Amino acid sequence: MVFYMMNLAKVKESLERLRAEINRHNYFYYVLDNPEISDAEYDALMRGLKQLEAAYPRFVTPDSPTQRVGAVPVEAFGVVEHPLPLLSLGNAFSQEELLGWYSRVSKMAGGRQFNFACEHKIDGLAVVLTYVNGQLTIGATRGDGFRGENITQNLRTIRSVPLSVPGDAPPRFEVRGEVFLPKEGFNKLNRERAEEGLPLFANPRNAAAGSVRQLDPRITAKRPLDIYIYMLGYAEGKATPQTHWETLEYLRSLGFKVSPNNRLLEDIEQVGDFYNTWLERRESLPYEADGIVVKINQLDLHLKLGDVGHEPRWAVAYKFPPIQGTTTLREIKISVGRTGTLNPYAVLEPVSIGGVTIRQAALHNEDDIRRKDIREGDTVIIQRAGEVIPQIIGPVLSKRTGKEKEFSLLKKLYDSDKKRPACPECGSEIVKPEAEVMYYCPNAACPAQVQQRLGHFASRGAMDIRGIGEQMSVLLIERGVVRDFSDLYYLTKEQLTSLERMGDKSAGNIITAIEDSKKRSLGRLIYALGIRHVGAETAEILAKEFFSLKVLTCASKEQLSSIPAIGLKIADSVTAFFKNEENIGVIDRLRKAGVQLEEEIVKPEELPLAGQEFVVTGRLNRFTRQEAEARIKALGGTAKSDITGKTTYLVAGVDPGSKLERAQALGIKQITEDEFRRLLGKTA
């Protein structure tokens with residue numbers, strides 16, 4: 001009996017040690033963005049923990065890393081009473097209004113000096129997290145400020161939310177934070193929903209709110225939510241710092257994720273500079289922000305100033321100008337994508353939003369148009385963010401006159417001569433595959449498809465053939481010189497110089513670029529082929545798995561779908577592509593032309609950038625950020641989104657932002673885009 005108890009004690013000790021190790025790695029990965037072990041090593045630790053807990057279920061604890069995901073759906077959200085209300089912020093929409101707020105609080109402070117803590121006003125969902133004796137016990141929405149919804153199960157799935165905190169934390173305390181969906185995750189989520197025919201989220205805030213309010217936590221767990229903690233609500237049983245800035249640093253030390261873009265500023269002029277800096281750089285942020293929050297740093301002044309109505313006097317939201325506007329939707333037209341998709345888009349009455357004139361906007365698919373009830377002739381709300389194509393949020397129903405026209409793709413494409421809907425480019429009868437939301441032109445020789453496939457094949461992220469842009473692609477196809485992208489490798493200098501405005505030197509440069517492209521990596525070639533659902537990242541995964549286009553061509557659906565990150569949809573698409581005789585013929589012509597179809601198997605540690613960590617920031621001229629990071633990974637390096645002590649290089653483009661300052665403070669080497677290209681060598 002004693003021996004049995006000793007064994008159980010050792011099991012419990014092993015479980016506690018394993019949980020502590022995994023929680024530590026979670027903190028380094030999700031909060032510091034500075035992992036110490038590989039994904040495979042992390043997965044092995046998690047498997048070991050799951051096996052031990054399955055064998056000894058009595059020792060499963062609420063704060064175990066295994067309890068983040070997979071919880072059963074709850075029937076309904078309970079109500080949480082907030083011990084201290086979550087007040088709304090007052091707004092300042094101009095420098096005059098900001099100075100007016102400053103003047104008022106300065107008078108109420110009786111001439112006392114104070115400084116400011118400033119942060120981005122992230123467009124997400126405010127939540128509160130309550131910890132008792134080191135354990136997360138309640139997670140709730142802001143609600144009406146006094147009562148919120150109990151979404152503890154869902155918040156537990158967010159990896160940057162600590163399930164437990166160190167023993168020296170207050171016995172009971174509450175922190176407040178903003179749950180958000182990063183731009184990249186938001187765009188990916190909407191692309192997936194569009195492909196599946198599901199309603200699209202209007203903005204990252206709606207996406208974040210919809211994600212944390214799922215009745216099934218497993219759905220929440222699949223979405224790349226993040227959180228920044230922005231204040232301490234209350235703490236019992238232990239003294240805490242006396243300023244807001246020191247409190248944030250204290251919370252960071254307890255394992256909470258605090259925004260690296262927060263700043264401590266000495267006077268209202270510095271606040272204005274901080275605002276203007278981010279007004280210019282707002283589109284470079286990885287999340288949506290609609291302004292900055294200005295808080296008086298001294299916490300005793302918070303108590304003295306109090307609040308008015310439902311707004312604290314000690315803080316204000318200094319809002320950015322809107323990036324939305326309204327205009328008239330003149331017409332809905334249809335373009336043909338490189339895979340044959342028929343894509344509706346809006347032709348707009350030109351409108352200036354955030355200094356950019358918008359004439360067209362994306363509409364995704366017919367189902368989305370119907371869901372939003374968008375009609376030709378409507379006054380519509382337009383939103384632009386960063387480099388994303390402007391989108392229509394919805395119509396302004398109050399401005400409808402009754403003359404607006406509902407959209408029907410089939411009616412739009414109806415050919416009265418052929419008595420059927422037809423492709424607007426080639427006249428082929430359109431099709432709609434079963435279980436898909438999009439209509440397609442099935443004609444692989446459709447000029448619009450051929451031209452776009454050619455442009456995609458030659459693009460920078462694919463085979464990078466300089467000189468073969470959109471206009472040149474159209475010209476080559478119209479002249480009948482090129483029918484598909486394999487024909488590029490059989491072009492002669494004479495054929496090129498016969499084209500309008502094509503000199504001998506330009507033709508020679510194109511021939512050289514075509515020849516150089518034969519040595520591109522297998523991953524870039526697979527991406528260049530334009531297989532549906534296969535982006536640059538998926539192409540790299542396929543290249544590393546198969547190392548040869550010939551082997552990939554013979555891969556079965558089962559082989560493909562067994563690879564992590566390759567689902568059934570991608571597997572179906574890849575196998576269908578290689579079953580097409582025309583595609584096989586194109587690949588054979590690439591092989592005969594000398595294009596490299598195989599990749600030498602190289603151990604990761606033998607790659608030239610192995611062990612080196614890069615952060616890319618600012619606007620690059622020769623690469624998109626995704627292309628630059630793909631090059632780094634292909635050469636064995638690691639691409640990260642934030643500066644840490646392990647960063648080897650910061651690649652600084654135009655307007656590098658706060659990451660440059662952080663790199664300088666940490667002594668990280670900064671390199672220009674030209675230096676980066678030289679570092680990449682012949683692969684750039």
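Just so it is clear, none of the values below were taken in a lab; they were calculated from the coordinates. Remember, it's a predicted structure, so these values are computed and weren't measured experimentally. Every residue, glycine among them, receives a Cβ derived from its backbone with ideal geometry; neighbour counts consider all protein chains shown.
Data table
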{"item": "Three-way shape call for region 324-478 based on the alpha-carbon gyration tensor, with the a/c threshold at 1.5", "result": "oblate"}
{"item": "Neighbour-limited loop hits for GluC sites (Glu not before Pro), region 491-558 (at most 16 other Cβ within 10 Å; DSSP other than H, G, I, E, B)", "result": "E500"}
{"item": "Cα gyration tensor, region 605-683 - rounded (a/c under 1.5), prolate or oblate", "result": "oblate"}
{"item": "Cα gyration tensor, region 522-592 - rounded (a/c under 1.5), prolate or oblate", "result": "prolate"}
{"item": "Summed side-chain charge close to N115 - residues other than N115 whose Cβ falls under 9 Å, Lys, Arg +1, Asp, Glu -1", "result": "-2"}
{"item": "Total formal charge among the other residues, if their Cβ is under 9 angstrom from that of S521, Lys/Arg +1 and Asp/Glu -1", "result": "+1"}
{"item": "Helix 95-108 vs. the chain, principal-axis angle (Cα, 0 to 90°, nearest 10)", "result": "10 degrees"}
{"item": "Separation of alpha-carbon centers, region 524-568 and region 404-477, rounded to whole Å", "result": "24 Å"}
{"item": "Fewest-first sequence of V79, V616, V132 by Cβ atoms within 10 Å of each Cβ", "result": "V79, V132, V616"}
{"item": "Helix-derived mean residue ellipticity, 222 nm - over the chain, DSSP H n ≥ 4, -39500 (n - 2.57), to 500", "result": "-10500 deg cm²/dmol"}
{"item": "Set of lysines near K505 by C-alpha distance (under 30 Å), chain-local residues within fewer than 8 positions excluded", "result": "K493, K518, K519, K592, K682"}
{"item": "Kirkwood Rh (inverse of mean 1/r, distinct Cα pairs), region 299-381, angstrom", "result": "16.3 Å"}
{"item": "Region 151-194 and region 620-638: distance between their alpha carbon centers, rounded to Å", "result": "29 Å"}
{"item": "Relative packing of peptides 360-366, 621-627 - highest average C-beta neighbours within 10 Å first", "result": "360-366, 621-627"}
{"item": "0 to 90° range, to nearest 10: angle between helix 268-281 axis and the chain longest Cα axis", "result": "20 degrees"}
{"item": "Flagged links, alpha-carbon separation over 19 Å, of K569/K633; K183/K633; K411/K432; K183/K640", "result": "K569/K633; K183/K633"}
{"item": "Region 522-592, dipole about Cα centre (Lys/Arg Cβ +1, Asp/Glu Cβ -1), debye to the nearest 20", "result": "180 debye"}
{"item": "Principal-axis tilt of helix 183-195 within the chain, Cα atoms, nearest 10 degrees", "result": "50 degrees"}
{"item": "Packing-based ranking, highest mean first, of 471-480, 367-376 given that Cβ atoms within 10 Å are counted", "result": "367-376, 471-480"}
